[in-house]
Amino acid sequence: MQRVRPVKWVSVRVKLIGIYLAVVLAIFLILIIVLPRILQNYVLQRSQDDLLATRQIIQEALDQTQDGGITEAAYLVRDKLDAVAKARNLEIWICLEPMETKSGTVTVPAMRMGGKSAQEDITLSAQSAAFIEKIRTGAEDRTIYRDQFPEYYPNKTMTMAYPASYYERQSLGDYFGLSLPVEKTAVVLLNIALSDISDTIQQMLYVVLILFLILSIVVAMLIWMMSNTIIEPVNQMREIAGLISKGDFTKKVEVRSRDEIGDLAESFNKMAEELEQVEVTQRAFISNISHDFRSPLTSIRGFVQAMLEDVIPPEQHKKYLQIVFDETNRLSKLANDLLILNKMESGQDILQFSRFDINEMIRKLMLTFEQRIEKKELAVNFRFLQENLFVNADEEMIQRVIYNLVDNAIKFTEQGDSITVETSIVNKKAYISVSDTGLGMDEETQKHIFERFRKGDASRGLNKTGMGLGLAIVKQIIVKHGEDIRVSSKPGEGTNFEFTLPLAMQVSFVEKK
């Protein structure tokens, strides 16, 4: 199947940048639409706070009018109010009682702070003068107003208007030469041009957008660099995967980080190593199975052909037919072992649990090795902690396990060695061990002894008739039972295989101390 080449314009880097740009655009639109309103509300609130603070200062000035009158007291704090008004970018009007109407306008005596004009009196339209009178009398219950004095402020403004008490001294007459403070009501107007607020909002918006642009560029650079840390290992994996598909396992992905990408790279390298091992095992499997099938088939074909061509005399046919029969049994056993191993490794449940006496099974099974044991003059020892030991397992499969372990022990022992089969109970588990005093194994061989086609000591010319499936089948059977099997061995000191099985229910037993 032809491998699909990645398209550059739909690469991971392009997708990351595309997503980032979409997010940046969305945030930018939100800033343009929402931020001005937020800033406007913030600035307006701050302006109202300034108006309230200014109101407090004005009230402190008006409270001093009881002793000196409005004119004298206000002038004492005029400079202070003027400075406050200019600092907060507003204009303060303290409007006294209005004068008579002239030509449709009203002249209102007032003190003005923060404005550009030094004029004291304010000439207002009749409508504006009426508004001030409503504030004075309490007819208006609001405090904040918009665009209230167009004759003075052609642009939009915000005005805080409220009545305030003050004292004006009135004379008792020329004869006495005395005067008394009389309480009156002034109207205080605090005016702020909204154009100034708009300028402030615009400046703040410019600052925010510039910072956002700088941050976006920095983040884009970081994403570009981060994408390299992601894409480069992925590209390596893609290239190496192509090599692996061609059977080249030499190259590895460089692990440059300890994050998820680094873990992925390590897992990829581990997978490549396992695939390489599978490849080696598969080649060994093909080689071994070809050899193990070819040898008996060659013998069978040769003997049958010799008998058909009368090369072998009729009186010897029985002898050679027995050899052919043995070879067919060998082929049948080999095929059966492969079938069982494949079923167990593929997860198929082929076990049939039952209650049986494993000690009795071992006694009967050892009789099948009697000729081979006598031929090698081996000493066989049985160490049973109790006469009967009942377990719950697949009897046929456990018989195969013990058969393979004893068969393996006989193969790798020399003349006069010994074999010991022991059963015991530890922590409510049945322990079965098969040990010998034979050749033993080094640590490296022990690591792979339960793998397919691993033969115990092929280097010494032993076990040439086996295929290396016996211990692999043993391992799978024990694992399928949910138990464990261990091997311990030293070169020249023999080998011990030990596995566990669950005890049968309602069994009386004696545990090994």
Give just the number: which of (1) on the phi > 0 side of the Ramachandran plot; (2) at pLDDT 85 or above; (3) among the hydrophobic types (A, V, I, L, M, F, W, C) does Phe453 not satisfy?
-> (2)
Checking Trp9 against (1) modelled with pLDDT under 75; (2) at positive phi, which single condition isn't satisfied?
-> (2)
Among the aliphatic types (A, V, I, L, M), out of contact with any helix residue (DSSP H, G or I) (no Cβ under 7 Å at 6 or more places or on another chain) and farther than 17 Å from Thr500 by Cβ - does that describe any residue in region 415-426?
-> no
Condition met for Arg294 (charged (D, E, K, R), assigned to a helix (DSSP H, G or I) and closer than 30 Å to Leu469 by Cβ) = yes
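A quick yes/no check of all residues on (1) surrounded by fewer than 12 Cβ atoms within 10 Å (Cβ to Cβ); (2) assigned by TED's automatic domain parsing to the domain that holds Ala26; (3) modelled with pLDDT under 80:
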site: Leu205; (1), (2), (3): no, yes, yes
site: Val218; (1), (2), (3): yes, yes, no
site: Ile223; (1), (2), (3): no, yes, yes
site: Ser227; (1), (2), (3): no, yes, yes
site: Leu243; (1), (2), (3): no, no, no
site: Gly247; (1), (2), (3): yes, no, yes
site: Ala272; (1), (2), (3): no, no, no
Answer yes or no as to whether Ile17 is surrounded by 16 or more Cβ atoms within 10 Å (Cβ to Cβ), part of a helix (DSSP H, G or I) and modelled with pLDDT of 75 or more.
-> no
The lone condition Glu396 fails out of (1) touching a strand residue (DSSP E or B) at 6+ places or on another chain (Cβ under 8 Å); (2) within 18 Å of Gly470 (Cβ to Cβ) is (1)
Odd one out for Glu483, checked against (1) assigned to a loop (DSSP other than H, G, I, E, B); (2) at pLDDT 85 or above; (3) surrounded by fewer than 13 Cβ atoms within 10 Å (Cβ to Cβ) | (3)
Has region 170-183 got at least one residue that is in the same structural domain as Asp147 (by TED's automatic domain parsing), at pLDDT 80 or above and surrounded by 12 or more Cβ atoms within 10 Å (Cβ to Cβ)?
-> no
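The values are calculated or read from the model by the stated rules, or taken from the named source; none is laboratory data. What you see is a predicted model; the values in this text were computed from it and never measured. Using ideal geometry, Cβ is built from the backbone for each residue, glycine included, and neighbour counts are taken over all protein chains shown.
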